[in-house]
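The values are calculated or read from the model by the stated rules, or taken from the named source; none is laboratory data. Computed from a prediction, not measured in an experiment: that's the story for all the values here. Heads up, the Cβs are rebuilt from the backbone with ideal geometry, glycines too, and the neighbour counts pull from every protein chain shown. Surface areas here come from the heavy atoms of the whole protein model, side chains and all, with no ligands, DNA or RNA. Shrake-Rupley method; radii C 1.70, N 1.55, O 1.52, S 1.80 Å.
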Amino acid sequence: MSRKSYRVEAKKNKAIEVFLYGEIWGAYQAEQLGIELKKYENTHTLCKVRVNCPGGSVVDGIAMWNLMLSCEMKFEFWIDGIAASMGADLCMLPGAKVYCAKYAKVMLHRISCGGEGSPDDLRRVAGMAEDFENNIIESVANKTGLTEEKVREKWFDGADHWMNADQALADGLIDGIVEGNEKLSVSEEINNAQEAYTYFNNLLNPNEMEFKNKAKFVAALGLGETASDEAVLEAALKAVGEKNTLTARVGTLESEKAVLQAKVDAGEKKDKDDREATIKNLLDKAIEGKKLTAKMREHYENLFSKDFESTKIIVENLPSVQNLSNLTKGGGGEDRRGWTFKDWQKKDSKGLKNMKKDNPDSYKSLFKSQYDKDPEM
């Protein structure tokens, strides 16, 4: 069971606040959100969603979107830290007003996906991702008044598009900018980019974290001692964005690796099948032309498995039955085509010497069949 990335607070003015702080991940979160919304929709008229979300699962985000869309309450989105990826897509809910804190950020980009299986399986996954992306592009177009083609060109071109509040307002992604009176303060415990993200995740929850020493925060992000609050915020958001981009890139590379591996496996299988078909064809023809006997087939198959190219040359150049007529028949008409190299040595060593001199290819073939190596000529 997943930990919820949000909490819900009921207010006295017939409003509830949903703090969407963290990643969108897991069907359990969407299910619990649906239960919470149903709990309050008959007694409250407004749902304010406070957002500090780096994104997450598109499937689970779409489920949350549809639950909000079917709820009787009016919705507002207040971006407190970041609304990135699916976190920003949720804010495009039809009919909802979107407000952004002065130093908060919005980020839009293409969907990332991963999968495993055959190339056909991966193509189906990519097709499903494109369908989801088209739905999101449509919602952004409806919010901004831009065409879907312009939205795709502007924000869904393969890059991460980070915007400050002024930029988001100018592009029609938000409806207003909120400037609070509370100054930013910083915790002693911030030592790296992940803890910087945690700071912003708890910015509206001061009881969960006490902030004291801005210098620690500045040092963790590699900033100068005179860095302003806005510069610190910019650096923290950039670090979080880079982490999410790298995570998405890893997923993309894993998918590409799976596709390439599938192609390599398919190519290797085809090469193996083609080689086996070639071996069968060569040996079938050699036996049919009485250049080899059926009993010799297994031996030549073993030679092919050890040295395909050399054995192929030997089999292709085996003399025809006419060329062997003088060698394979003795004075009494004895058929010698089934003789091994050792049979020749034992029964007709002189004939073997003549074969080495007059028909070296036949001699080499017999020798290699017996000793699995080429003779010294």
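Among TYR40, TYR28, TYR300, the order of accessible area from largest down is TYR28, TYR40, TYR300, computed with a 1.4 Å probe on protein heavy atoms. Taking Lys and Arg as +1 and Asp and Glu as -1, the other residues whose beta-carbon sits under 12 Å from that of CYS100 total -2. Entry note: the stretch 1-65 has Rg to Rh equal to 0.97, where both radii use alpha-carbon atoms and Rh is the Kirkwood radius. Beyond 16 Å, the tail of the calculated P(r) for the stretch 78-190 holds 63 percent of the Cα pairs.
Modelled spin labels at THR293 and GLN261, positioned 7 Å past Cα toward Cβ, are 4.9 nm from each other.
For the stretch 20-40, the residues whose backbone nitrogen is under 18 Å from a point 7 Å from the Cα of LEU69, taken along Cα to Cβ, are 30-31, 33-35, 37-38. Whole-Hz Karplus values for the stretch 266-280 come out as 5, x, 5, 5, 5, 4, 5, 5, 5, 5, 4, 5, 5, 4, 4 Hz, taken residue by residue from phi with 6.51 cos²θ - 1.76 cosθ + 1.60 and θ = phi - 60°; glycine and proline positions read x.
Gain on full extension, evaluated as 0.36 nm per residue between ASP274 and THR252 minus their Cα-Cα distance, stands at 4.6 nm. Within straight-line reach of LYS48, meaning a Cα separation under 23 Å, sit the following lysines at least 8 residues removed in sequence or on another chain: LYS4, LYS11, LYS12, LYS14, LYS38, LYS39, LYS74, LYS97, LYS102, LYS105, LYS143, LYS183. Placing TYR363, TYR371 in order of accessible area, with the largest value first and a 1.4 Å probe, yields TYR371, TYR363. Annotation: aspartates and glutamates with alpha-carbon distance below 15 angstrom to LYS290 (same-chain offsets under eight excluded): GLU316, ASP335.
Here's how it looks for ILE174: its modeled amide H is under 5 Å from those of LEU169, which are all 5 or more places away or on a different chain.
In this structure the amide hydrogen of LEU292, modeled in the peptide plane, comes within under 5 Å of the amide hydrogens of ILE287, none closer than 5 places in sequence on its chain.
Rolling a 1.4 Å probe over the protein heavy atoms gives the stretch 1-94 an accessible area of 43 Å² per residue.
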